[in-house]
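Enquirer: One structure coming up, written as structure tokens, with questions to follow.
Computed from the coordinates by the stated procedures, all read-outs in this text should not be read as laboratory data. The structure displayed is predicted, hence computed values, not measured ones. Here the Cβ positions follow ideal geometry from the backbone for every residue, glycine too, while neighbour counts run over all protein chains shown.
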Amino acid sequence: MTIIETEYKWSIPLVKRSKTNGVVLHHAAAESCTAEDIHEWHLAKGWAGIGYHFFVSKEGSVYRGRPIDTVGAHTNGRNYDTIGICFEGNFEDEEMPETQVNSGVELVSWLLELYPQITKITKHMEHNATSCPGKNFPFDRIKNNGKSKEIKGVLELFAEPLYISSTAEKKSAVITGTYYLWSDEVVRGRVKITNLPGNIGKAGQVTGWISAAAVKLSSTIHPVLWGDTLGEIAKRYGTTVSKIVDANKAKYPNITADYIVAGWTLVIPQ
Ligand SMILES: [Zn+2]
């Protein structure tokens, strides 16, 4: 990851950030600008200087903003635990050039490696009343490493994990979580072990790297909403009511073809 270092003069001393739970993506809302321009704009607002930690130019260069371990000024209410990235351009009107998308993907991937505890990559508009980063911003591509598919459901490890950071080094672990393709080889995600005695609950979350070849989606999860019926759910997933009832009896003993409860998380067999 090549980061272009820039010398900034901060008007107020920066403060170290004690937590890092997310990355927030922004656009500059300006067709053409530099990291230095943003530094000047933010100084003019009475801030310490550029509020973002990184600036990605249309040519795909990545510039340093605030030092990565300091509190930024980019997302009201979330500066204390997020890293802010700004992309040159106004993606309310324009489309992002491929080189800039690729640099965004690379930067986000690098940050996820640097901070494995990051659970959320979000758009500024998810936190504050703003259209930032614009309706044309290629959020899914940058968030998911360009080629990923998010999988939500029960994943079964059917080969040895390539690496898993804490527990569950067992083939039979049933894990739930959100995964995306990190590369063609590796799936990355945060998983929760649901079937290893001794690890249920207490082992909880593990973060790790698992070979993509070692996981398969065995079933999906449907959170029951008020008003759902099993008939409709079965139809939606192309399965039958009795298959769903059978798959969930152990977890919800009082489930019947006519009885489900909002808030249950049903396993939908494939
Ligand atoms: Zn923003």
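Enquirer: Using the Karplus curve 6.51 cos²θ - 1.76 cosθ + 1.60 with θ = phi - 60°, what ³J(HN,Hα) values do you get for each residue of segment 87-98, in whole Hz, with x for Gly and Pro?
Expert: Using θ = phi - 60°, the values come out as 10, 4, x, 10, 8, 7, 10, 9, 9, 7, x, 4 Hz.
Enquirer: Moving on to the next point. At Ser131 and Trp226, where each label point lies 7 Å from the Cα along Cα→Cβ, what is the point-to-point distance in nanometres?
Expert: Between Ser131 and Trp226, the label points sit 3.4 nm apart.
Enquirer: Suppose R0 equals 45 Å; then what is the FRET efficiency for Lys249 and Glu113 from their Cβ-Cβ distance, rounded to the nearest 0.05?
Expert: Efficiency, from the Cβ-Cβ distance: 0.60.
Enquirer: For the pairs Lys19/Lys143; Lys16/Lys58; Lys16/Lys123; Lys19/Lys251; Lys143/Lys251; Lys19/Lys249, flag any whose C-alpha to C-alpha distance is greater than 31 Å.
Expert: Result: Lys19/Lys251; Lys143/Lys251; Lys19/Lys249 exceed 31 Å.
Enquirer: With the cut-off at 1.5 for a/c, could you classify segment 22-143 from its C-alpha gyration tensor as rounded, prolate or oblate?
Expert: Taking the square roots of the gyration eigenvalues as a ≥ b ≥ c, segment 22-143 is rounded.
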